[in-house]
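Below is one structure, written out as structure tokens, with a few remarks after it.
The values are calculated or read from the model by the stated rules, or taken from the named source; none is laboratory data. All figures in this text were calculated on a predicted structure; none of them were measured in a lab. Neighbour counts run over all protein chains shown; Cβ positions are idealised from the backbone, glycine included.
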Amino acid sequence: MKNLILAIMCSLGCVTDYGIVKGGETEYIYVTETETVTETVTVTEEVEVPVYIEVEVPVYIDTGLDDPGLIWVDSFTQPNTVDGIDILWVIDTSGSMHRFDSQLLLGIETMLLALPPTSWRLAMISNDPARSVMESQFPLVPGDDILDAESMYSSMGRGGREEGFDSAYEYIVNNPYSATWMRPDAGLLVVFLSDEEEQSDDHFINTVDFINWYRSLRGGSVFIASIINLDATESVCLFPPNPIDVGTRYMDATNSFGGNIIDICSDDWTAGVADAASSLEPHESWTLTHTAEADSVRVFINGVVQDPGMTTWLYSPTDNTVYFSTIPAGSALVEIGYRYYPTTTPTDTGP
């Protein structure tokens, strides 16, 4: 803003003329009744001055390479199942499910073959809470095969209620037999199998209540997989399922734990079941998504860089894999950063 000076020429109380002046030293001449007076006045003017702000900007550091390539980070959270895994198949035992018996048993067999050779236990229960709370079959263990699984399936209690959430709760919490084989220090995987929507109306009317309860178990080392009806836009069923039979609640719960969702109308469930089983085993190595420049590989565990070597990790260019000399602890966030050149189409090796 500029200050403006209004010089008013006045004589004997009458305004005779005026002018607007600005800046510097200005000489004013005016007349009184008896004399002529000359006066020099210094005035001040405010002006706008450009302001310069110093800003720190990123600086490119020359690596000495004409083409340093691109940066990529593979990451995973280590499954907290180093003390074993308990598996519970919660199976719809209503009449409409008999058509899936062969796929069910093939899926069970696939899981038995995909599981690690030790430290797992697997049981099957009905999704009818009134039946699951009384189930008392000893679980399948390493060394058991599909014949043992068939025997368990044919002997399990059956009911008509479609309440997978409540059934899992009744078995784990209120069935005293479960405590004879389920281990509080092992991981837990629940596989829901149903051709109808989840309909719990006792403990878990709201899906979020089930999610919160399930997450509180085993120190959070819990997993879910679901084999259910998908929405008509995704279903592979010959005839799209009735909307009321879509397993929305099962899907919401499964997605909350990053689990596998398998279309019940798929001819083969084995790929999804195998993925659900393999995701439980702690990672002793990790094959990278892109072919890494060997000298650029860096490993971080929970944000802390790990020195390479026999006590931590080693990178093998032969198979583009990082091998952990010390297996990362359960629930640890593992990040592997590296440079690569995008000469080939990447294959995502993430879970």
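Brief remarks follow.
- Listed by first and then second residue, the pairs with beta-carbon distance under 6 Å, at least 6 apart or on different chains, first residue in the stretch 265-283 and modelled with pLDDT under 75, second surrounded by 17 or more Cβ atoms within 10 Å (Cβ to Cβ) and in a loop (DSSP other than H, G, I, E, B), are Ala277/Leu115; Leu280/Pro79; Leu280/Thr81.
- Test for Asp307: is it charged (D, E, K, R), more than 17 Å from Pro79 (Cα to Cα) and not assigned by TED's automatic domain parsing to the domain that holds Phe192: yes
- Scanning the stretch 131-146 for residues that are under 26 Å from Phe165 (Cβ atoms) and free of Cβ contacts under 8 Å to residues at least 40 places away in the same chain returns Arg131, Gln137, Leu140.
- Considering residues of the stretch 131-152 that are within 27 Å of Asp245 (Cβ to Cβ) and touching an Asp or Glu at 6+ places or on another chain (Cβ under 8 Å) only, the residue surrounded by the most Cβ atoms within 10 Å (Cβ to Cβ): Ser132
- Residue count, the stretch 296-341 (criterion: touching an Asp or Glu at 6+ places or on another chain (Cβ under 6 Å) and of a type in the set (Lys, Arg)): 1
Conditions (1) at pLDDT 90 or above; (2) touching a helix residue (DSSP H, G or I) at 6+ places or on another chain (Cβ under 8 Å); (3) not basic (Lys, Arg), marked per residue:
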site	(1), (2), (3)
Ser132	yes, yes, yes
Leu140	yes, yes, yes
Ser155	yes, no, yes
Arg158	no, yes, no
Glu163	yes, yes, yes
Thr180	yes, no, yes
Val190	yes, yes, yes
Phe204	yes, yes, yes
Trp213	yes, yes, yes
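- Counting only residues that are within 18 Å of Glu281 (Cα to Cα) and at pLDDT below 75, the stretch 47-100 holds 5 of them.
- Annotation note: of Ala253, Ala277, Ala271, the sole residue that is part of a helix (DSSP H, G or I) and in contact with a Leu (Cβ under 7 Å, 6 or more places away or on another chain) is Ala277.
- Pick from the stretch 201-241, criterion part of a loop (DSSP other than H, G, I, E, B) and either touching a residue at least 60 places away in the same chain (Cβ under 8 Å) or of a type in the set (Asp, Glu) (or both), ranking: nearest to Asp86 (Cα to Cα): Ser221
- A single entry from Asp268, Asp295 fulfils the requirement of being of a type in the set (D, E, K, R), closer than 23 Å to Asp231 by Cβ and surrounded by fewer than 19 Cβ atoms within 10 Å (Cβ to Cβ): Asp268.
- You will find that of Gly107, Gly160, the residue that is small (Gly, Ala, Ser), assigned by TED's automatic domain parsing to the domain that holds Pro241 and part of a loop (DSSP other than H, G, I, E, B) is Gly160 and no other.
- Qualifying residue in the stretch 120-138 (condition: assigned by TED's automatic domain parsing to the domain that holds Met182, more than 26 Å from the chain's Cα centre (by Cα), aromatic (Phe, Trp, Tyr) and assigned to a helix (DSSP H, G or I)): no
- Verdict on Leu333 being exposed (fewer than 15 other Cβ atoms within 10 Å of the Cβ), at pLDDT 85 or above, farther than 30 Å from Glu162 by Cβ and not charged (D, E, K, R): yes
- The number of residues in the stretch 69-119 that are under 26 Å from the mean Cα position of the chain (by Cα), farther than 30 Å from Val299 by Cα and of a type in the set (A, V, I, L, M, F, W, C) comes to 5.
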